[in-house]
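A.B. asks: The structure is given below, and queries will be raised subsequently.
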Amino acid sequence: MALLRILFLGDDPGPGAADAVRARGHEVDARHASSAEEAEAALRAHPCDLLVAAAPAPAFSALPRLHALRPGLPVILCGDGLGQAGLLFALRAGVYDVIAGGGAGLDDAVERVVARRRREEEEARTERLTAVARVAGGIAHDFNNLLGITLGYSDMILRRLPAGDPLRAKVMEIRTAAERAGGLTQQLMVFSRTRTVLAGTLDLGALVEGMGDILGRTLGPEVELVLRVAPGGARIRADRTQMAQVLTQLSSNARDAMPRGGRLVVECGEAPATGEDGGTGGAPVVRLSFADTGTGMEPEVQQRLFEPFFSTKPRTLARGLGLATVYRIVTQCGGRIEIASAPDRGTTVSITWPGLAASALAAPEPEAAGHTHR
C-alpha cells in the first residue's frame with residue numbers, strides 16, 4: 001500500500017473523499033490548512049505528495065505562491081464555475097486537474113495524478129540510466145583494451161619464468177586481478193546496451209519452470225523456492241538469455257535479503273490489461289513477481305534501487321549493477337518494474353510486459369504444474 005501525503009487547502013471536501021482515495025489502495029496522511037499562510041507553513045515543515053485546493057478563496061489566489069514554494073507539486077483544484085480565465089490561471093499555477101466542488105471524483109483525479117507522476121519518474125529514470133550507460137559503455141571498452149594488454153604481458157612473463165620461480169605466484173595474482181576486472185567490464189558492457197539482443201517470442205512461464213533447479217541452487221538450501229506458473233503460457237517479446245539473467249539476478253537479491261533463510265514465491269502468468277499496462281492486439285499482459293520474506297527496505301532505499309553502482313551490500317561484495325541491468329532489460333522489452341517493500345516485511349518485485357497472442361509462438365513450450373524447490 002502506497003503512502004500518499006495530501007494537504008487540503010480551504011474548504012474540507014469531506015471525509016468521504018479521503019476514504020474514496022484509501023479505497024483505491026492508498027494509505028492517506030491528510031493535513032488541513034484554512035489559509036495560504038498555514039499551507040505555506042505546512043509545505044515547509046512536512047513532505048507533501050499532493051495539494052487539494054478549494055476554489056475560489058483562499059486557495060485560488062495562493063496557488064502561484066505555493067507553486068513557487070514547491071515547484072512540481074501536483075495540485076487538484078475543487079471548484080465550480082471557474083470559467084476560461086480561471087482555468088487558464090489554474091494551469092499556470094501548476095494545477096494538474098480540476099474537479100467539481102465538494103470533492104466528488106477526487107479518487108479518480110488522484111489516480112490520474114499518481115499515474116502521471118509515475119510515468120514522469122520512469123521517463124526521468126530511463127533518461128538518467130541511458131546517460132550513465134553511454135558513459136559506462138565507453139569506459140568499459142577502453143578499460144577492456146587496457147586489461148587485454150595486462151593479460152597479454154602476464155601470459156608472456158609466465159611463459160618465460162621457470163616452473164619453480166617465486167615470481168610466478170605474483171604474476172598469477174596480477175593475472176587473476178585482471179580477469180576479475182574483466183568480469184566487471186563485461187557487466188558494464190551488458191548494462192550499456194541500448195537495444196534488446198536477438199529479441200523474439202518467448203514463453204516466459206516455460207522459462208521460469210525450466211530454470212527452477214538453477215534458481216533453487218542460487219538461493220541455497222536455507223531458502224524455500226515456490227514456483228507458481230499459470231497454465232496456458234505467458235508469451236512476451238524478449239531475449240531468452242537476458243530474461244534468464246533477470247530471473248537469476250532477482251533470485252540472488254532475494255537470497256541476500258534472507259541471510260537466515262526464508263521463502264521466495266515466484267509467480268508468472270497472464271492477467272487482464274489495465275489502462276496503464278497496454279498490450280498487443282488486445283492481448284492480456286504478462287506478470288512476473290518475486291516475493292520474499294526477507295528484511296525489506298526503507299522507502300529511501302527503494303527510490304535508489306535501480307541507480308547504477310548503488311548497493312546496500314558491502315563494497316567488497318557488490319558492484320551495484322545488478323538491478324540497474326535488470327531495469328534496462330525489462331524496459332527495453334516494453335515492460336514495467338515496481339517494488340513493494342517495508343522493513344521486516346519482505347520485498348515484492350512485480351514486472352509487467354505486453355502479452356502476445358498464442359499464435360505468435362510457432363512452437364509453444366509445454367507447461368508444468370507449479371511446484372516447490374528446496
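A.B. asks: Would you mind telling me which numbered condition in (1) touching a residue at least 40 places away in the same chain (Cβ under 8 Å); (2) within 30 Å of residue 22 (Cα to Cα); (3) surrounded by fewer than 16 Cβ atoms within 10 Å (Cβ to Cβ) residue 113 fails?
C.D. replies: Condition (3) is where residue 113 drops out.
A.B. asks: Name every residue in the range 186-233 that is assigned to a loop (DSSP other than H, G, I, E, B), surrounded by 15 or more Cβ atoms within 10 Å (Cβ to Cβ) and modelled with pLDDT of 90 or more, in order of residue number.
C.D. replies: Across the range 186-233, the qualifying residues are 211, 230.
A.B. asks: Next up: Restricting to the range 20-54, name every residue that is under 18 Å from residue 114 (Cα atoms), out of contact with any strand residue (DSSP E or B) (no Cβ under 7 Å at 6 or more places or on another chain) and assigned to a helix (DSSP H, G or I).
C.D. replies: Scanning the range 20-54 gives 20, 23.
A.B. asks: Give the number of residues within the range 73-88 that are at pLDDT 70 or above and in contact with a helix residue (DSSP H, G or I) (Cβ under 9 Å, 6 or more places away or on another chain).
C.D. replies: Total satisfying the criteria: 6.
A.B. asks: Let me ask something else about it. Residues in the range 317-337 that are surrounded by fewer than 18 Cβ atoms within 10 Å (Cβ to Cβ) and modelled with pLDDT under 80: how many?
C.D. replies: The total comes to 4.
The values are calculated or read from the model by the stated rules, or taken from the named source; none is laboratory data. For clarity, every value in this text was computed on a predicted model and none was experimentally measured. Methodologically, a virtual Cβ is constructed for each residue, glycine included, from the backbone with ideal geometry; neighbour enumeration extends over all protein chains shown.
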